[in-house]
Amino acid sequence: MITSIIESIHEVPAAEWEHLARPAGLYLSHRWLAGEEEDPTATCAYALVRDRAGTLLAATPLYLVRDEPNDSYQPETVLPPHLRPRVIAGARRGYHNTPLTAPGLGPERRDACLALLRDAVRRFADHHGTTHWWPYLTTPAAARLAPLYPAPALHLEDDALIPLPGTGIDDYISSLPSQRRPGVRRERRDFASAALDVRRQPLADCFEDAGVLLAGHQQDHGHDRDGIDAMTALLKRQATAMGSEARVVAAYDGHRMTGFCLYYHYGTTTWIRAVAFDRSHPAPHLYFNLMYYLPVEDAYAHGTTALHAGMTAIEAKRRRGARVSALYALVDRPSAEPEPSLRRG
């Protein structure tokens, strides 16, 4: 098998990358990673493992981080004090990470590919005078990678995924415990009684309004650097990169957006990306409808079978049917001896 480092996701045909990425999730998709290359806070690269015939067997994006605006991806915030890696292996956003391996690989070949990936990432980090880490690995990914690293996986957070059985939101509600169903139906009914205008639209059509609400949400949670200009620029970049795949469901009172949810249908899952609302303009159960019920309706319409609800407020998500699993970090240590140089392709 042959390992290489490339500098842009555009050097890999989208269909070839997606063969590995589609089972893994949105934040490792070809189009998402292409958008992340526009982020000026890190330098991107990609480690690839191919067989002798040139078939792509394993891959991961790499980020040499210069300035991390997200506290949850800052090593000094989430890792023990003596660990300060500057290279991120895998997804840098979305709190959902795994190394990419080709479907159908047997365990021995898959593990060999993972070892080659680890070696490639280690040499990339060594070249830049630092070490690497894998943040927010799924439980299966952490189990596969952990034997390759010198320290046990570190638990960071928990992750929520809501199964969507059947063919419509009534099937989802029926799947909940019997004592929860009346509350969900009431939350939907009370929201509907507010008679807000619910609109479904591409992010490109509303990123400025959404940026104002998202900045307020971020500042309410202590993220002072995430002002309106920064959040509007972030959403504009996503809208440009993701096009019609970036979907928004929003509540309006007249011409004024009072809340929105940004999400993506990818693979068999609908991925919640951002939710924000105007706290000075309350409506009954606005948050629960934006976070859960309106995206669930769209997920069924699109044919996905799960809603990725992500981290935080885990018990509220569990009450709405979420299955909860752990997210981990694995961190490398500096290697004792220099390894052979890696061919850049």
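The values are calculated or read from the model by the stated rules, or taken from the named source; none is laboratory data. If you're wondering where the values come from, they're calculated on a predicted model, not measured in any experiment. Here Cβ is always computed from backbone atoms with ideal geometry, including for glycine, and neighbour counts include all displayed protein chains.
I need a count of the residues in the range 134-173 that are within 21 Å of Ala309 (Cα to Cα), of a type in the set (Gly, Ala, Ser) and not in a strand (DSSP E or B).
4
Has the range 164-173 got at least one residue that is modelled with pLDDT of 95 or more and touching a strand residue (DSSP E or B) at 6+ places or on another chain (Cβ under 7 Å)? Walk me through it before giving the result.
Taking the range 164-173 and keeping what is modelled with pLDDT of 95 or more, we get 164-173.
From the residues that got through so far, the ones that are touching a strand residue (DSSP E or B) at 6+ places or on another chain (Cβ under 7 Å) too are 164.
For the range 164-173, residues modelled with pLDDT of 95 or more and touching a strand residue (DSSP E or B) at 6+ places or on another chain (Cβ under 7 Å): present.
If you check Thr3, Thr55, Thr60, Thr41, which single one turns out to be closer than 26 Å to Leu105 by Cα, of a type in the set (S, T, N, Q) and under 19 Å from the mean Cα position of the chain (by Cα)?
Values: Thr3 fails: under 19 Å from the mean Cα position of the chain (by Cα); Thr55 fails: under 19 Å from the mean Cα position of the chain (by Cα); Thr41 fails: closer than 26 Å to Leu105 by Cα.
The conditions single out Thr60.
So which strands (runs of 3 or more DSSP E) stay within the range 1-111 end to end and still have 2 or more residues that are at negative phi and touching a Lys or Arg at 6+ places or on another chain (Cβ under 6 Å)?
Hits in the range 1-111: 2-6, 56-65.
Can you run down the residue pairs with Cβ atoms below 6 Å, 6 or more apart or on separate chains, where the first is in the range 231-256 and surrounded by 14 or more Cβ atoms within 10 Å (Cβ to Cβ) and the partner is aromatic (Phe, Trp, Tyr)?
Going by the 6 Å Cβ cut-off, the qualifying pairs are Leu235/Phe207; Lys236/Phe207; Ala239/Phe207; Glu245/Tyr264; Arg247/Tyr263; Val248/Phe260; Ala250/Phe260.
What are the residues in the range 313-328 that are within 18 Å of Asn289 (Cα to Cα) and in contact with a strand residue (DSSP E or B) (Cβ under 8 Å, 6 or more places away or on another chain), if any?
We begin by selecting, within the range 313-328, every residue within 18 Å of Asn289 (Cα to Cα); these are 313-322.
Listed by number, the residues that qualify are Ile314, Lys317, Arg318, Arg320, Gly321, Ala322.
Give me the pairs: first residue in the range 101-116 and within 20 Å of Gly25 (Cα to Cα), second residue exposed (fewer than 15 other Cβ atoms within 10 Å of the Cβ) and among the polar types (S, T, N, Q), beta-carbon distance under 8 Å, and six or more apart or on different chains, which are they?
If the second residue must be exposed (fewer than 15 other Cβ atoms within 10 Å of the Cβ) and among the polar types (S, T, N, Q), the pairs left are Ala102/Thr55.
Would you check if His308 is closer than 24 Å to Leu196 by Cα and either assigned by TED's automatic domain parsing to the domain that holds Pro147 or of a type outside the set (Gly, Ala, Ser) (or both)? Give the steps one after another, and end with the answer.
Values: closer than 24 Å to Leu196 by Cα: no; either assigned by TED's automatic domain parsing to the domain that holds Pro147 or of a type outside the set (Gly, Ala, Ser) (or both): yes.
So His308 does not fit the description; no.
Tell me the residue from Val296, Val248 that is in the same structural domain as Ala194 (by TED's automatic domain parsing), of a type in the set (A, V, I, L, M) and farther than 17 Å from Glu208 by Cβ, please. Don't jump to the end; show me each part of the working.
Working: Val248 fails: farther than 17 Å from Glu208 by Cβ.
Every option except Val296 fails the conditions.
In the range 40-69, what residues are within 23 Å of Asp226 (Cα to Cα) and touching a helix residue (DSSP H, G or I) at 6+ places or on another chain (Cβ under 9 Å)? Let's see the steps before the verdict.
Of all residues in the range 40-69, those within 23 Å of Asp226 (Cα to Cα) come to 40-44, 63-69.
Passing the criteria: Ala42, Cys44, Tyr63, Leu64, Val65, Glu68, Pro69.
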